[in-house]
Amino acid sequence: MSKRKKATYIVVVIILLLVIVRLLLPTIVKRYVNNTLQEIPSYWGHVEDIDINLYRGAYVIHQLKLDKMNGESSIPFLNFEKSDISIQWKSLFDGEIVSKIDLYRPKITYIFEEQVNDSVKTSNNDWSKALTDLVPIDINKLTITEGKVGFIEFNKSPDVDLYIDQIELVATNLRNVENKEQKLPSSLHLTGVSIGGGNVKLDGEMDLVQQIPDVDFNFSLEKAAVKALNSFTLAYVGIDFEKGNFDLFSELVINNGYLKGYFKPILTDVKIVDSFGKENSSIFKKAWEGFVGFFKFIFKNQKQDSLATKIPIEGDLNNVDSNIFSTIAGIFKNAFIKAYKGEIDESVMFKDAKKEE
């Protein structure tokens, strides 16, 4: 056999091997991912299909599901319709190897559980570590399209069921490969629709490349129908609403492990369901609703028909607490002095979050 024919033969063999590897690679990766998900304690996971795109250094996971096992039954926890994981070429040209993840229609249902031992904490670490292992390269950019996050608690009466839907999120420079001299180099922007049709918005800057991240966040929830929160209010304070709107505004900053901020809830045009005279209404519920009704009449701002306060929160992350006296003072201020505006105050600066000597 001549050298030329031999060289041609070797090239053909190499090409055939590469084609075979390319055809088998999705199956190999799929098997690895499914094995990883199914080895998570107290969970069951599965992916439907995986596509490999070598030319752009990416793989796409279709229908990733992870369910929380509860005896013989299961509760959906994660359901990602499409996850596109790829190398971020822009950062690669700057000498950094990081990844970019695009999640399409991801659904996350978080189940609140009473933690009687370390089992819950351990299982949470197991599933989060398993998902992190599926992305071998640090994540620098994350986008979410049409996402949904739900919060459910079954050990209350009634069951608590809250969610934020239609989530659009963009988080950039998470590994700080750009703007390395900037104090808060990463950015985050999120919009969504809450239970009750409220408009959710979160904007902020952060630095995640440290043990305790630095953050500067502004959050708003506007024009949510308070009646939709009845599962939460009935479970925790025993009252339900007939009508009204709920707004929530907040600013939170963390600077070198010290947190400072506030929450400003506003109830507008609220009416509580009257249970007086109903046979199935407990004495406690009647007393509580009477108290709340009296409280609302005395402390609401009569001109704007709003009940509002501003709850400051401050301290290191191991001892965060709200100031109850400032909260009560805020109620009086809204009622008798000036109604709180339905907007972010822009009163908390990143430099303000520091522990006094």
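Results, tabulated for the structure shown:
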{"read-out": "The range 172-237: GluC sites (Glu not before Pro) falling in loop per DSSP and having at most 12 other Cβ within 10 Å", "value": "181"}
{"read-out": "Square roots of five times the Cα gyration tensor eigenvalues for the range 26-79, Å", "value": "26, 10, 7"}
{"read-out": "Neighbour cut-off at most 10 other Cβ (10 Å), DSSP loop, trypsin sites (Lys or Arg not before Pro), the range 154-192", "value": "180"}
{"read-out": "Of 68/351; 100/201; 90/183, those spanning more than 32 Å from alpha-carbon to alpha-carbon", "value": "68/351"}
{"read-out": "Chain lengthening between residue 316 and residue 151 when straightened (0.36 nm per residue, less Cα-Cα)", "value": "56.8 nm"}
{"read-out": "Stretch gain in nm, segment residue 189-residue 201, where the contour uses 0.36 nm per residue and the Cα spacing is subtracted", "value": "3.6 nm"}
{"read-out": "Stokes-Einstein D for the range 185-249, Kirkwood Rh over Cα pairs, 10 °C, 1.306 mPa s (µm²/s)", "value": "117 µm²/s"}
{"read-out": "12 Å beta-carbon shell around residue 232, net charge (K/R +1, D/E -1)", "value": "-2"}
{"read-out": "Highest average packing first - 47-54, 238-245, Cβ atoms within 10 Å", "value": "238-245, 47-54"}
{"read-out": "Extension gain from residue 352 to residue 53, taking 0.36 nm per residue of separation minus the Cα-Cα distance", "value": "102.9 nm"}
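Read-outs throughout are calculated quantities, based only on the coordinates presented, and are distinct from any laboratory measurement. Here the structure is a predicted model, which means the values were calculated and not measured. Note that each Cβ is placed from the backbone with ideal geometry, even for glycine, and that neighbours are counted across all protein chains shown.
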